[in-house]
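One structure is given below, encoded as structure tokens.
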Amino acid sequence: MLADGHEVSCLDEDPEAEGRLQAVVGKDFAEAGGTLTIGTALEASALEEAGVAKADVFIASTDGDNTNIVIAQIAERKYEVETVIARVMDPLRAEWYAKRGLTTVCPTRAAIELLQGRVRAMASGMDD
Amino acid sequence: MATEAASYMIVVGGGKVGRNLTRELVSQGNEVTLIENDRGRYLALEQEFGAAATYGDATELWVLDRAGIERATLVIAVTGDDEDNILICQVAKDKYEVADTIARVNYPANREWFELLGIRPYVSATDLILRMVEHSVPKHGIIQLLDLGDQGLEVVELELQEGSSGEGKRVGDLSMPEGSLLISVLRAKKGFVPGPDTVLEAGDEILAVLDPGKEAELQSLFSA
């Protein structure tokens, strides 16, 4: 997203996140134009420090489905962020929250589809 | 399974709160299912509650389905995780149309989110724990136990202090603020419902129900 020219603010509870971001971005995260805030997602002060109030997009992708679902709703309702996306690993939960209007991305569902595609491709190869 | 129980309840989280709560609810003749997602803890619960204890993560919809949530009239989420408690109540109310939910708040700062998402009523575990720790009454002297926001009521606990205007008074002579009612008195570890002739003593732990905003008025009676 930085490469796309967006201003990106990252909130993580782990101070090590800085090193991880640097490894992915290829240079110092701040130099690349990113901002890192250390804190937990449910802390209003951390969210605010990360700039949630002025965000156009809020992406909740911690390793906890329920945390993501809750903070995504907080971003929507309290901070009125226009676009909110929650990563939800559990397909059933992702589906139900999607039905009630939350934008969810389900990596499990995506992986199943990819795997299915591979298996189908192999199976049709075997038929020949 | 209880015979002709009035209602079916699901308790999520088998820690101290969930376990004791389940025990009470079962002893009152309710049909209860307790859901616990820690295997070791579940095995201990199964010893006590038999088939009323189930193993699983109640934030997974199929676990709730399996527990028969569609016929539950009350879901109580008392896990140690606030996000889980919020999610369980949200799903119970909106997906399964369970009539009532009660949620536990583990971190008082998270109350704001329970309010924001309409997860009510909730109980703050911190307050309950404070109560368990002897002599630990917070500075303001009043502990909110249950917030019945929609009904415009709250249940609070406070300790009657030595030298307060309520000390040594008959309950009948007490000028309780309008919109408040004394529910019970805990004295020397024994609880009782006071009558008009009950004389209040310093150190009494008093449980009262009141309209929000009456806390200060109530407190002035019981604080020195």
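The values are calculated or read from the model by the stated rules, or taken from the named source; none is laboratory data. None of these values were measured; they are calculated from a predicted model. With ideal geometry, Cβ positions are generated from the backbone for all residues, glycine too; neighbour counts draw on all protein chains shown.
The residue that is nearest to the other protein chains (Cβ to nearest Cβ), counting only those in the range B:58-78 that are out of contact with any helix residue (DSSP H, G or I) (no Cβ under 6 Å at 6 or more places or on another chain) and not in a helix (DSSP H, G or I), is B:Glu60.
Suppose the filter is touching a residue at least 12 places away in the same chain (Cβ under 8 Å), within 21 Å of A:Val88 (Cβ to Cβ) and not charged (D, E, K, R); does B:Leu34 pass it?
On the way: touching a residue at least 12 places away in the same chain (Cβ under 8 Å): yes; within 21 Å of A:Val88 (Cβ to Cβ): no; not charged (D, E, K, R): yes.
Criteria not met by B:Leu34.
Search the range A:30-48 for residues being of a type in the set (D, E, K, R) and under 19 Å from A:Ala72 (Cα atoms), and hand back the single one that is nearest to the other protein chains (Cβ to nearest Cβ). That would be A:Glu43. Say whether the condition of being away from every other protein chain (no Cβ under 12 Å), in contact with a strand residue (DSSP E or B) (Cβ under 8 Å, 6 or more places away or on another chain) and under 28 Å from A:Glu95 (Cα atoms) is met by at least one residue in the range B:42-51. No. A count restricted to the range B:186-224 and to residues that are closer than 21 Å to B:Glu162 by Cβ, buried (at least 16 other Cβ atoms within 10 Å of the Cβ) and in contact with a strand residue (DSSP E or B) (Cβ under 6 Å, 6 or more places away or on another chain) stands at 11.
Meeting the requirement of 3 or more residues that are within 27 Å of B:Arg111 (Cβ to Cβ), the strands (runs of 3 or more DSSP E) wholly within the range A:9-128 are A:57-60, A:83-87. Candidates are the residues of the range B:12-52 that are within 24 Å of B:Asp81 (Cα to Cα) and either in a loop (DSSP other than H, G, I, E, B) or not assigned by TED's automatic domain parsing to the domain that holds B:Val63 (or both); the one that is modelled with the lowest pLDDT is B:Gly15.
Summed over the range A:105-122, the residues that are within 14 Å of another protein chain (Cβ to nearest Cβ) and surrounded by fewer than 16 Cβ atoms within 10 Å (Cβ to Cβ) give a count of 1.
So, of the residues in the range A:49-104 that are charged (D, E, K, R) and within 11 Å of the chain's Cα centre (by Cα), which turns out to be nearest to the other protein chains (Cβ to nearest Cβ)? Talk me through it step by step, then tell me what you get.
At the first step, the residues of the range A:49-104 found to be charged (D, E, K, R) are A:49, A:54, A:56, A:63, A:65, A:76-78, A:80, A:82, A:87, A:90, A:93, A:95, A:99-100.
So of that shortlist, the ones also within 11 Å of the chain's Cα centre (by Cα) come out as A:63, A:65, A:87.
Values: A:Asp63: 12, A:Asp65: 7, A:Arg87: 14 Å.
Checking each candidate, the answer is A:Asp65.
If the condition is being surrounded by 19 or more Cβ atoms within 10 Å (Cβ to Cβ), within 16 Å of A:Val8 (Cβ to Cβ) and among the small types (Gly, Ala, Ser), then the range A:56-104 contributes A:Ala60, A:Ala75.
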